[in-house]
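Enquirer: So that we are looking at the same thing, I have put the structure below in structure tokens.
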Amino acid sequence: MSADLRPHLKGALRPNFQWGYATAAAQTEGAWNIDGKGESIWDKLGHTPGKIKDSSTADDAVRSYDLYKEDVALMKSYGARAYRFSLAWSRVIPLGGKDDPINPQGIQYYNNLINELLANGITPFVTLFHWDIPQALEDRYGGMLNLEKYMPDFLRYARVCFEAFGDRVKRWITYNEPGVYSLAGYAAGVHAPGRSSNRELNEEGDSSTEPFIVSHTEIVSHAHCVKMYREEFKPTQKGTIMITLHGNYSEPWDANDPLDVEAAERAREFEIAWFADPIYKTGDYPASMRAQLGDRLPRFTEEESKLVLGSSDFYGMNSYTTFYVKHRTTPPELTDHLGNVEKLDTNSKGESRGPESDTYWLRTCPWGHRKLLNWIWRRYHVPIFMTENGTTAKGEHVPPPPTEEVLHDTHRIEFFNGYLNALATAVKEDGVDIRSYFVWTFTDNWEWAAGYTDRFGVTWIDFDSPEKKRYPKRSATVVRELFEHLIAKE
Ligand code: NOJ
């Protein structure tokens, strides 16, 4: 299987299109308690029996803390122009708080990484928060459940990062997928910090209120952080700052049933517009959410609303798949976060949303991706930076060394062929403004509560070897060939 290079899409993407790989600290770095790093909520969850599918921890992960030079060299050989990674807050400020000491070794590590990237011509895109809040802040005041206490701590952390790295980092992302952080951590209770209404799973929590409170904290603190960057750092550092939202596409189960058409739109609003409307459109939550959730959905003060609207320079987007959405005839449950809909793998005609990956929720669906890009562009009209997209593939859990068949990852190649051609078509034929694409992900890594059971990398990792040996998969070459074809020459 090779790159599907379509002649009519040659040069469809702008010459300065940014593409590369995305990762997150907690999933890759390892060195969880080395060189002064403090404990994060994911270190704690990983060390709690029964919480991670394969009982693994991210103590070593893929050792990118130690192997960053080799990784940058490999990434360069893959042709990447940019690298999106996150900073571990508890590596920078081990206890996290505004009056807590900074860890010089943490600063040193990220300086080394940033310098190595720049020396190799790779542009850093840096995420401040990719789900790993310092455990100390969770213990002190309940983390993001407490906006008043949390905000100064987050702002001070961001300030330390802008001061230390902002002379070289020009692309900042405040939060990664605030919605998944709050839904998986406070509604389902399967991600850190592990809270929900389900007492069989979690000792504390309230799935009907906490996810909305936590997301409100993320939105409001994001806006304050951007204000600080724009006022105090942007004039001299001249960077950009945005938030990255998650969003899969929702397609009506029966396109001829107005109730399903409405349900699909409501599902997109509950998933995407929950964050994107306040930030890019209205300064407030969508009416469909207010109608269903009432006072369980927090309210923005007038001042917050003004601050939030326009608080992201671009539309940062992570997206993976599409679902068929069917309306429900029963009233919404108190713990519903989807807009009272059913999400299905097949539509009313029995058509599947796409071939299965090795991850239960993820199927390949390029047409849904094109529709999603169009929906976002039409609703918000803000240039889109795709910050994550990728897939797992069945059959990659083999003993080392991996076979030729595993390394020739046909399923993943087909996924990138489909999605990148869909993206280029959205640009060329639909006029959507898309400026970046980051593959999730560079190497197989620790997929949160799924542990090492979900291999998303274009590089196969031998997790049993002390050096976490890296084996490039064929998809890494295909992605490079696709971009060489799709990006216009200067
Ligand atoms: C989105 C998250 O940002 C990332 O951490 C995760 O590994 C991927 N999706 C795949 O599930």
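Read-outs: derived from the displayed coordinates by stated rules, not from any lab. Keep in mind that this is a model prediction, so the values were computed, not measured. Note: ideal-geometry Cβ built from the backbone for every residue, glycine included; neighbour counts use all protein chains shown.
Enquirer: Given the Cα-Cα distance of residue 397 and residue 361 and 0.36 nm per residue of separation, how much length would full extension add, in nm?
Expert: Values: separation 36, 0.36 × 36 = 12.96 nm, distance 1.85 nm.
Between residue 397 and residue 361, full extension yields 11.1 nm more.
Enquirer: Mind checking which lysines have their C-alpha under 20 Å from residue 469, skipping anything on the same chain fewer than 8 residues away?
Expert: Those lysines meeting the cut-off are 69, 76.
Enquirer: So, one more: Could you tell me which residue out of 215, 237, 194 lies farthest along the dipole of the stretch 179-302 toward its positive end? Charges go on the beta carbon: Lys and Arg +1, Asp and Glu -1, centred on the Cα centre.
Expert: Farthest towards the positive pole: 237.
Enquirer: Using the Cβ atoms and a cut-off under 14 Å, what net charge is assigned to the surroundings of residue 484, where Lys and Arg are +1 and Asp and Glu are -1?
Expert: Taking every Cβ under 14 Å from that of residue 484, the sum is +2.
Enquirer: Please state the relative contact order of the stretch 7-486 as a whole percent: Cα pairs under 8 Å, 6+ residues apart?
Expert: 17
Enquirer: Something else about it: Once the piece of chain linking residue 238 and residue 287 is laid out straight, how much longer is it, given 0.36 nm per residue of separation minus the C-alpha distance between them?
Expert: Full-extension gain reported as 14.0 nm.
Enquirer: Rank 449, 387, 460 by how far each Cα sits towards the positive end of the charge dipole of the stretch 375-490 (+1 on Lys, Arg Cβ; -1 on Asp, Glu Cβ) and give me just the farthest.
Expert: Result: 387, furthest along the dipole toward the positive end.
Enquirer: Take 125, 270 and order them by how many other Cβ atoms sit within 10 Å, fewest up front. Before the final figure, lay out each step's value.
Expert: Working: 125 27, 270 23.
The fewest-first ordering by Cβ neighbours comes to 270, 125.
Enquirer: Counting Lys and Arg as +1 and Asp and Glu as -1, each charge on the Cβ, what is the dipole of the chain about the Cα centre in debye, to the nearest 20?
Expert: Taking the Cα centre of the chain as origin, the dipole is about 1480 debye.
Enquirer: Calculated FRET efficiency, residue 1 and residue 352, Cβ-Cβ r, R0 25 Å, to nearest 0.05?
Expert: Values: r = 20 Å, r/R0 = 0.82.
Step by step, r from the Cβ atoms, then E = 0.75.
Enquirer: List the trypsin sites (Lys or Arg not before Pro) within the stretch 267-376 that DSSP assigns to loop and that have no more than 12 neighbouring Cβ atoms inside 10 Å.
Expert: Taking the stretch 267-376 and a limit of 12 other Cβ atoms within 10 Å, the loop trypsin sites (Lys or Arg not before Pro) found are 299, 349.
Enquirer: Are there trypsin sites (Lys or Arg not before Pro) in the stretch 136-213 that DSSP marks as loop and that have at most 11 other Cβ atoms within 10 Å, and which are they?
Expert: 199
Enquirer: Can you figure out the FRET efficiency of residue 168 with residue 303, using R₀ = 35 Å and their beta-carbon distance, to the nearest 0.05?
Expert: 0.55
Enquirer: Additional query: Quick query: amide H of residue 469 versus all other amide H atoms, modeled in the peptide plane; which residues come in under 5 Å with a sequence gap of 5 or more or a different chain?
Expert: It is 462, by chain and number.
Enquirer: Describe numerically, in nm with one decimal, the distance between label points set 7 Å from Cα along Cα→Cβ at residue 334 and at residue 55.
Expert: Here the answer is 3.6 nm between the modelled labels.
Enquirer: In nanometres, what is the gap between the two model label sites at residue 198 and residue 467, each 7 Å from Cα along Cα-to-Cβ?
Expert: Reported label-point gap for residue 198 and residue 467 is 4.2 nm.
Enquirer: Excluding same-chain residues fewer than 8 positions from residue 428, which lysines have a Cα within less than 19 Å of its Cα?
Expert: Filter leaves 10, 371, 489.
Enquirer: Sticking with this one: Taking amide hydrogens as modeled 1.01 Å from N in the peptide plane, which residues meet the under 5 Å criterion relative to residue 19, leaving out close sequence neighbours?
Expert: 81, 82, 437
Enquirer: Let me ask something else about it. Only loop residues by DSSP count here, and only those with at most 13 other Cβ atoms within 10 Å; note down the chymotrypsin sites (Phe, Trp or Tyr not before Pro) in the stretch 294-366 that meet that.
Expert: Taking the stretch 294-366 and a limit of 13 other Cβ atoms within 10 Å, the loop chymotrypsin sites (Phe, Trp or Tyr not before Pro) found are 360, 361.
Enquirer: Among the helices of the chain (complete DSSP H runs), which have Cα atoms covering no less than 24 Å along the helix axis and a Kyte-Doolittle mean of at least -0.5?
Expert: Going by DSSP H runs, the hits are 147-165, 210-228, 410-428.
Enquirer: Which of the three applies to the stretch 139-183, rounded, prolate or oblate, going by the alpha-carbon gyration tensor with a ≥ b ≥ c and a/c under 1.5 meaning rounded?
Expert: Taking the square roots of the gyration eigenvalues as a ≥ b ≥ c, the stretch 139-183 is oblate.
Enquirer: What does the charge count near residue 292 come to, summing +1 for each Lys or Arg and -1 for each Asp or Glu among other residues with Cβ under 11 Å from its Cβ?
Expert: So the environment of residue 292 carries a net charge of 0.
Enquirer: To the nearest 0.05, how large is the calculated FRET efficiency for residue 140 and residue 118 if R₀ is 35 Å and r is the Cβ-Cβ distance?
Expert: 0.45
Enquirer: Quick one: 3J(HN,Hα) in Hz for the stretch 431-439, Karplus 6.51/-1.76/1.60 with θ = phi - 60°, rounded, Gly and Pro as x.
Expert: Rounded to whole hertz, the list is x, 6, 8, 10, 10, 8, 8, 10, 6.
Enquirer: Positive end of the dipole of the chain, charges at C-beta (+1 Lys, Arg; -1 Asp, Glu), about the Cα centre: which of 424, 36, 246 has its Cα farthest in that direction?
Expert: 424
Enquirer: Which whole-angstrom value gives the distance between the alpha carbon centres of the stretch 80-154 and the stretch 408-455?
Expert: 25
Enquirer: Excluding residues fewer than 8 places away in the same chain, name every one of the lysines whose C-alpha is closer than 20 Å to that of residue 149.
Expert: Here the lysines satisfying the reach criterion relative to residue 149 are 98, 227.
Enquirer: Let me ask something else. Once you order the gyration tensor axes a ≥ b ≥ c over the Cα atoms, which shape class does the chain get: rounded for a/c under 1.5, otherwise prolate or oblate by comparing a/b with b/c? Before the final figure, lay out each step's value.
Expert: Working: a/c = 1.24, a/b = 1.01, b/c = 1.23.
Cα axes put the chain in the rounded bin.
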